[in-house]
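Derivation of every value follows stated rules applied to the coordinates shown; laboratory data play no part. Just so it is clear, the structure is predicted and the values come from calculations on it, not from any experiment. Backbone-built Cβ (ideal geometry, glycine too); neighbour counts: all protein chains shown.
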Amino acid sequence: MSADPGKKPETTGGGGPQLPRPDFVKSFDALWFCYSPFHQMQHYYRYGDFDTCFGKWGDLLDCLNLKTKSKAEVEEILLAREKAKPHFWTFRTVDEASENWWRMYRHVVITAAPRKPAGSAAPPVNSGGSS
């Protein structure tokens, strides 16, 4: 059971490409990196708190759980997960897109100071002084 670099990936029974299987080594490596000082400081700098790495633990345990199942069960589970994922391109109506944009960026618009367009600044108003 050696890994042959020239070997083509196996296909499922339907003739399509094989679904990506969780890899224990990659999951463990991602979990290990998550606890590294570099990742923790980077996460703290970006988000203001340390990473709990709960998602990485979930991926590792999920990988171990799938290793205990038969190949047919694993294929069925992975196919169901793939179908449950939202499509990469989510099509929205104008109203849905606007609502989603405001939900994602409201904090930026509200906290940003109002800017005056270039060239439209009004001259200072004289308060009744004589020239």
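Report the calculated FRET efficiency for F91 and T52 (r = Cβ-Cβ distance, R0 = 35 Å), to the nearest 0.05. Before the final figure, lay out the partial values.
Values: r = 34 Å, r/R0 = 0.97.
Efficiency computed from Cβ-Cβ geometry: 0.55.
Compute, for segment 24-111, the length of the dipole vector about the Cα centre, with Cβ point charges of +1 (Lys, Arg) and -1 (Asp, Glu) only. Units Debye, rounded to 20.
Numbers: 12 positive and 12 negative charges, 17 e Å.
Approximately 80 debye in magnitude.
Separation between the E82 and N100 pseudo-spin-labels, each 7 Å from Cα along Cα→Cβ, expressed in nm?
Placing both labels 7 Å beyond Cα along the Cβ direction yields 2.3 nm.
Let me know the whole percent of all Cα-Cα pairs from segment 24-111 that are separated by more than 16 Å. If you can, show how the numbers build up before the last one.
On the way: 2773 of 3828 pairs.
It works out to 72 percent of all Cα pairs.
Taking 8 Å as the Cα distance limit and 6 or more residues as the minimum spacing, I'd like the relative contact order of segment 24-111 as a percentage.
Numbers: 28 pairs, mean separation 20.2, N = 88.
Averaging sequence separation for qualifying contacts and normalising by length gives 23 percent for segment 24-111.
Quick one: how many lysine pairs does segment 24-111 have with C-alpha atoms less than 19 Å apart and a gap of 8 or more or different chains? Give me the count, please. Working shown, then result.
Numbers: K26/K56; K26/K67; K56/K67; K56/K85; K71/K83.
The number of close lysine pairs in segment 24-111 is 5.
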